[in-house]
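The numbers here are math on the coordinates, done by the rules we state, and not lab data. Bear in mind that the values here come from a model prediction, so they are computed numbers and not experimental data. Here the Cβ positions follow ideal geometry from the backbone for every residue, glycine too, while neighbour counts run over all protein chains shown.
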2 protein chains.
Amino acid sequence: MTRQDLIEHIHIKGSFLCVGLDPVKEKIPPHLMAHEDWILQFNMAIIDAVAPYCVAFKPNTAFYEAYGSWGWEQLEQSVAYIKAHHPHHFIIADAKRGDIGNTSSMYAQAFFDRMDVDAITVAPYMGEDSIRPFLEFEGKWVIVLALTSNKGAKDFQYHGAEPLYKEVIKKVGQWGDSNSLMFVAGATKAEQLNELREVAKDHFLLVPGVGAQGGSLEEVYKQSCLKQDIGLLVNSSRGIIYAGKGENFSERAGHEAMELNKVMTRLIRESV
Amino acid sequence: MTRQDLIEHIHIKGSFLCVGLDPVKEKIPPHLMAHEDWILQFNMAIIDAVAPYCVAFKPNTAFYEAYGSWGWEQLEQSVAYIKAHHPHHFIIADAKRGDIGNTSSMYAQAFFDRMDVDAITVAPYMGEDSIRPFLEFEGKWVIVLALTSNKGAKDFQYHGAEPLYKEVIKKVGQWGDSNSLMFVAGATKAEQLNELREVAKDHFLLVPGVGAQGGSLEEVYKQSCLKQDIGLLVNSSRGIIYAGKGENFSERAGHEAMELNKVMTRLIRESV
């Protein structure tokens, strides 16, 4: 998907919402557990319910790997379902991979050739040859961790006189441009996003943490949106997909997504 | 596996060799490709051939994920094969994972509970809560990336007045001790290992890069061994598993492993 396609989809929907698909056995509505493919059943219902209100889906691979090869199959089938039924939605494999060159190539094949997602999250620690193989796929995106939203972000991401996360954005920004590269930008404090935006001037930012991880949508938008280009994908996982615990879980998820969509539509209208 | 068990196994074998199991379709001997489970067939033959000369196996998950859920199954079966037939060998899932706390917990479950490997490699970028969940498994090991052996290592691992990789060793070293924590220590220049050893005083180091990635075994040992405790696992992947291309591929792999074992035995004898 091109940057322009993504921006257009955001404007059509009035939404820059990304929904995280992180299935946790203990939180799945009990009536679904009778199904052999309960992850897929859960995801399909959520996907259909929230698709009108979001532009992206983000399955985190950890939640599938926890169930071994069967879990991996559920992930593949969930991605295939999105592609078949909601072909304009942007799919992010939240995998946080990164390895030496020839190994990163294998990961790139796994996610871009085989699973055919639009984007993958990548950890920058191993440097250029760990990231470049992902940038070689036309129309695909690499989303590099810059500033994350967890407590441990402070441990290394601020290391150095020039904080490491800024160095990451500057260096990685030389290896690809804003047509193939985004950054993960945590939102524990919105003013950090403003600082980050000064370095990542025209890149899309993937902002986790609206909902369970905290962070205010309105503040995030004001500190870091790119006006007409928007430049933001804001993710919510648990706040949406586990909004309901019973038979009406997907309805409740759809409702939460719609509420976020409303706020986003207003923010876009006020700023553009 | 405890640190003492690992050290004892190293002394019994006179070997601190780890063999990387990274199956690449194009390099598998043609006669194996008739098998539906050619990855498992390849791995089983290699495992049996090199097991007498090594103390650890290290499958890199990328090479399995590239084949989707089937590949993941081949990985699970390869690990199960090692556990059943070579139960004293240390198994490292070279996965380079790392995510926010609750997500790292899912990865820890995937690899420690479900696949039941002894160790997993973890990327430190996201800090404490991304690493701690892996440390909560009794008898399991976390191998944190410190200094890697690839070209891109220079991009971020030396960032800051105190190089980032040293800061990683110091901080992570406060979260776990040398009974559950190792570091990845690249070997493009052996004197870097000496510097690294000054910070990671009694941790085992996993050293990649003997063979295809360069690095001299003897130099590595002299710069960073821990005398009686050894404190090193030196990995070789391509140099061993692709030593032969024909029907005798496993014999050739065994021969290469044996040659490394000989050098290691001599080094241990000379130093202890």
Shielding by partners, peptide B:18-25 (average Cβ within 10 angstrom, other chains): 1
Summed residue charge, Cβ within 12 Å of A:Val210's Cβ, Lys/Arg positive, Asp/Glu negative: -3
Whole-percent pair-distance distribution, where bins are 10 Å wide, for the alpha carbons of the protein assembly as shown: 4, 19, 29, 25, 15, 7, 1, 0
Copy-to-copy label separations for A:Glu136, where each label sits 7 Å from Cα toward Cβ, in nm and ascending: 4.0
Of B:Gly101, B:Gly68, B:Gly231, the one that fluctuates the most in a GNM where chain B has Cα springs shorter than 10 Å: B:Gly68
Derived scalar couplings ³J(HN,Hα) [the range B:74-79; Karplus, 6.51 cos²θ - 1.76 cosθ + 1.60; whole Hz; x for Gly, Pro]: 5, 5, 4, 6, 5, 5
Unsatisfied cross-links (Cα-Cα over 30 Å) in the set A:Lys170/B:Lys27; A:Lys140/B:Lys154; A:Lys96/A:Lys166; A:Lys151/B:Lys25; A:Lys83/B:Lys154; A:Lys166/A:Lys227: A:Lys170/B:Lys27; A:Lys151/B:Lys25; A:Lys83/B:Lys154
Label distances, nm, A:Lys201 versus same residue in remaining copies, Cβ-directed 7 Å point: 4.9
Cβ nearest the rotation axis (B onto A), residue from chain B and distance to the nearest whole Å: B:Gly160, 2
Averaged over B:108-115, number of beta-carbon atoms from partner chains that fall within 10 Å: 3
Under the Karplus curve 6.51 cos²θ - 1.76 cosθ + 1.60, θ = phi - 60°, whole-Hz ³J(HN,Hα) for the range A:236-253, x wherever Gly or Pro sits: 9, 10, 4, x, 9, 6, 10, 4, x, 10, x, 5, 8, 4, 6, 4, 5, 5
DSSP loop GluC sites (Glu not before Pro) with at most 15 other Cβ within 10 Å excluded, longest remaining stretch of chain B: B:139-246
Residues with amide H under 5 Å from that of B:Val207, placed H, sequence gap 5 or more: B:Ala185, B:Leu233, B:Val234, B:Asn235
Cα convex hull of chain B, projected area averaged across orientations, nm²: 13.1
Mean Cβ count within 10 Å, highest first, over the residues of peptides B:154-162, B:77-85, B:234-242: B:234-242, B:154-162, B:77-85
Most mobile of B:Arg114, B:Arg197, B:Arg252 in a GNM of chain B (Cα contacts under 10 Å): B:Arg114
Selected from B:Asn194, B:Asn102, B:Asn179 as most flexible by GNM, with chain B as the system and alpha-carbon contacts under 10 Å: B:Asn102
Other-copy label distances relative to B:Glu270, 7 angstrom Cα-Cβ extension, nm: 7.2
Separation of alpha-carbon centers, the range A:104-134 and the range B:22-39, rounded to whole Å: 23
Value of [θ]222 nm, deg cm²/dmol, for the protein assembly as shown, DSSP H segments ≥ 4, -39500 (n - 2.57) each, nearest 500: -13500 deg cm²/dmol
Dimensionless Rg over Rh [the range A:88-246; C-alpha; Kirkwood]: 0.96
Rounded to whole Hz, the Karplus (6.51, -1.76, 1.60) HN-Hα couplings of the range A:108-118, x for glycine and proline: 4, 4, 4, 8, 8, 7, 7, 7, 6, 6, 7
Number of partner chain Cβ atoms within 10 Å, mean per residue of A:70-83: 2
